[in-house]
Amino acid sequence: MENKDLLSYLMLVIGLVLIFGGGFSEANVPSNIEFCNQRYYVDSSGWTEEQYIECMEDTQTKLADAKRMYSLGLVITLLTIYIRIPVED
């Protein structure tokens, strides 16, 4: 196996890991929102409005990071597949 093949497989695996990692991170966002709401509205555990806002902003940041991770993985995977397709002359 030559180095180009090994690099292609490695890039493909990295891209797929980023896609699945981004998907799993995005799937956790509703549970984070529920946690913030639970702590602020239901438990009344002494959370201030500032802490609630900070929790929700953190959740939005996690969502944006998950989308970036997913997009980067998709680009890497598609680019790797595109490069590996043989070109007919």
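A few notes on this one:
- Pick from segment 80-89, criterion surrounded by fewer than 13 Cβ atoms within 10 Å (Cβ to Cβ) and assigned to a helix (DSSP H, G or I), ranking: modelled with the highest pLDDT: Tyr82
- Among the residues of segment 42-63, the ones that are exposed (fewer than 12 other Cβ atoms within 10 Å of the Cβ) and either among the small types (Gly, Ala, Ser) or assigned to a loop (DSSP other than H, G, I, E, B) (or both) come to 5 in all.
- Odd one out for Leu6, checked against (1) surrounded by 11 or more Cβ atoms within 10 Å (Cβ to Cβ); (2) modelled with pLDDT under 90; (3) closer than 30 Å to Pro86 by Cα; (4) of a type in the set (A, V, I, L, M, F, W, C): (1)
- Members of segment 31-66 found to be among the aromatic types (Phe, Trp, Tyr) and at pLDDT 85 or above, listed by number: Phe35, Tyr52
- Residue check, Met69 touching a Cys at 6+ places or on another chain (Cβ under 7 Å), among the hydrophobic types (A, V, I, L, M, F, W, C) and at pLDDT 90 or above: no
- Selection status of Leu72, touching a Leu at 6+ places or on another chain (Cβ under 6 Å) and in contact (Cβ under 8 Å) with a residue 40 or more places away in the chain: yes
The values are calculated or read from the model by the stated rules, or taken from the named source; none is laboratory data. Please read all numbers here as calculations on a predicted model, not as lab measurements. Reconstructed Cβ throughout: ideal geometry from the backbone, glycine too, with neighbour counts over all protein chains shown.
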